[in-house]
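The values are calculated or read from the model by the stated rules, or taken from the named source; none is laboratory data. In this text, all values refer to a predicted model and were calculated from it rather than measured experimentally. Note that we place each Cβ from the backbone using ideal geometry, even for glycine, and neighbour counts take in every protein chain shown.
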Amino acid sequence: MTKDSRQSVLGSVSEPDEITSLDDIDWTFKGVNTQKYTHGLHKYPARMVPQIVDNLLSYYLDEGVIEEGDLIYDPFSGSGTTSVEARLHGLNAEANDINPFAVMLSEAKATPLERNDLSDSRDFILQNLSSDLRDVREEYESEGEVSSLELPEVRDGWFPQPQLYELSLLRNRIDEVEDEYGIEYARFWRIVLSHTTRKVSYQRNGEFKRYRLSEEDREEHNPDLESIFTKKLKENYNLMLEYSDVVDHSLETTIHYSDSRSATEDVGEDVADIVITSPPYGDHKTTVAYGQFSQDPALLTGKVTYDEMRNVDKNGLGGKNEIVEPLSDLEEYSPALKETLETLREKEGRSDDALNFFSDYYAVMEEVAKIAKPSQPVAWVVANRTMSRVNIPTHLITVELCEHLGYEFDVNLPREIPNKTMPLSNAPENVTGDTGELMSNENIVILRAPETN
Ligand SMILES: C[S@@+](CC[C@H](N)C(=O)[O-])C[C@H]1O[C@@H](n2cnc3c(N)ncnc32)[C@H](O)[C@@H]1O
């Protein structure tokens, strides 16, 4: 990509030549298209706004802090926003996630595909699809099952049955794509299958936990799987073509299915020229349950097990899986954390949960300090949530804990969230229906990695 076309590839509100300082950018990005290129392939929860990564990379490329061919690292890949933007800016990318579905999604979004194989594999999937789906329905209606199709490992009662067989037929067909065209193509089509899975299941839309439709609504729920699947297939096909046309196919994207609290084991030390990430807001159970959200779509691909998916929310930061011992002196490193914990203790709030979360987060800061090259930029995009109705100043805590590790603070860029794809209120005590303020703004906290690791 040339320098001119590289500048703000997603069309930020600021003109490229105005950007002499990061403060010149309006980080709200109200009204911009966040679904361009492969960013629009799937609605993973709590995605980072791509324009944040876009503008940071354009700025640091312009300043000569990074250059094309460099490596960006993201310890919390999620849907792969950082990796997609990396390639759009001529960078290699490496990332971690403990959710196998996020790993698959990030790889699918960031890996460009060849035009011919993309359209051939699409035609392969669509060939006789209508009549084959009709046969499945007819057999189900007459026999009460479809003997040739093995059902996925999903829990009973979460899908209308004929559609579950239809999904299994799609899964088998995409498995055949893997044999014919390779894993990259199968993975790409599996994202369409995942979208379809969620739409046809009884899981309520617009929720990031796994809630079922009411019994009454379940009786009425008889979605047209073929139209849902083919509509999304066409949409994703076009998005992938647009992306594949503009990016460099020789760059590399590597997403590790592993815990970023021990990321150096996979990524190595002193390798990343820049880090841009958005960590989870808190433990998965009481904030965004990424594992629950992705469970059925992941299981339908047939590539992950039920137990793996159950572990995602336990292994998330603050999930008490005891990889990292909570540090008793952590609050001594950060006055803002100390004050927060004291307030939580006074109110008999969830101070242990907060300490657990920040201990885990600190472990990732330690790993990132080793992974990043000395003095290179590290951007944490964090939201300030409430816990037990106490505001948690995550941006201040991030700065103080990082400084304790030898990072040097550069700038904090506050931004309002105009239409964040997650609830602005949640159940702070994890009681369904009981809501409290969760977040309405974010901070982009930028530090320079420690001089010595
Ligand atoms: C806020 S999301 C990241 C969103 C991402 N920036 C995007 O645009 O889609 C946080 C991600 O961190 C992952 N995660 C949580 N704890 C983790 C850990 N210990 N190691 C690696 N990934 C983790 C979650 O599975 C989730 O996908």
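Observations
- When the helices (runs of 4 or more DSSP H) confined to segment 326-397 are screened for residues that are acidic (Asp, Glu) and surrounded by fewer than 24 Cβ atoms within 10 Å (Cβ to Cβ), those reaching at least 3 such residues are found at 335-346, 351-371.
- So Glu176, is it within 18 Å of Asp132 (Cβ to Cβ), crowded, with 23+ Cβ neighbours inside 10 Å and not basic (Lys, Arg): no
- Any hit, segment 67-77, residues being under 26 Å from Ala363 (Cα atoms) and away from the ligand (no atom under 14 Å from the Cβ): yes
- Listed by first and then second residue, the pairs linking a residue in segment 326-341 that is in the same structural domain as Phe357 (by TED's automatic domain parsing) and closer than 19 Å to Asn391 by Cα to a residue that is hydroxyl-bearing (Ser, Thr, Tyr) and at pLDDT 90 or above, with Cβ atoms under 7 Å apart and 6 or more places separating them unless they lie on different chains, are Leu330/Ser359; Leu330/Tyr362.
- Selection within segment 47-66 - within 16 Å of the ligand (Cβ to nearest atom), touching an Asp or Glu at 6+ places or on another chain (Cβ under 7 Å) and among the aliphatic types (A, V, I, L, M): Val53, Leu57
- Among (1) modelled with pLDDT of 95 or more; (2) in a loop (DSSP other than H, G, I, E, B); (3) in contact with a Pro (Cβ under 7 Å, 6 or more places away or on another chain) - the single one Leu251 does not satisfy: (3)
- Residue in segment 143-200 that is farthest from Tyr306 (Cα to Cα), counting only those that are assigned to a loop (DSSP other than H, G, I, E, B) and among the acidic types (Asp, Glu): Glu145
- Scope segment 218-241; condition under 21 Å from the mean Cα position of the chain (by Cα) and more than 24 Å from Asp135 (Cα to Cα); matching residues: Glu235, Asn236, Tyr237, Leu239, Met240
- When residues in segment 323-338 are screened for being modelled with pLDDT of 90 or more and either among the basic types (Lys, Arg) or within 31 Å of the chain's Cα centre (by Cα) (or both), 8 of them pass.
- Whichever residue in segment 367-407 is within 13 Å of the ligand (Cβ to nearest atom) and not hydrophobic (A, V, I, L, M, F, W, C) and, among such residues, is modelled with the lowest pLDDT: Arg385
- Residue in segment 233-255 that is within 16 Å of the ligand (Cβ to nearest atom) and surrounded by fewer than 18 Cβ atoms within 10 Å (Cβ to Cβ) present: yes
- You will find that of Glu114, Glu153, the residue that is at pLDDT below 95 and either among the polar types (S, T, N, Q) or under 27 Å from the mean Cα position of the chain (by Cα) (or both) is Glu153 and no other.
- Tally, over segment 262-292, of residues that are assigned to a helix (DSSP H, G or I) and in contact with an Asp or Glu (Cβ under 6 Å, 6 or more places away or on another chain): 3
- Selection within segment 200-217 - more than 19 Å from the chain's Cα centre (by Cα) and surrounded by fewer than 20 Cβ atoms within 10 Å (Cβ to Cβ): Tyr202, Arg204, Tyr211, Arg212, Leu213, Ser214, Glu215, Glu216, Asp217
- Only one of Leu213, Leu251 that is within 24 Å of Gln161 (Cβ to Cβ) and in contact with a strand residue (DSSP E or B) (Cβ under 9 Å, 6 or more places away or on another chain): Leu213
- Cβ-Cβ contacts under 6 Å between residues 6 or more apart (or on different chains), taken from a first residue in segment 44-59 that is without any contact (Cβ under 8 Å) to a residue 60 or more places away in the chain and of a type in the set (A, V, I, L, M) to a second residue that is part of a loop (DSSP other than H, G, I, E, B) and within 12 Å of the ligand (Cβ to nearest atom), are listed as Val49/Thr34.
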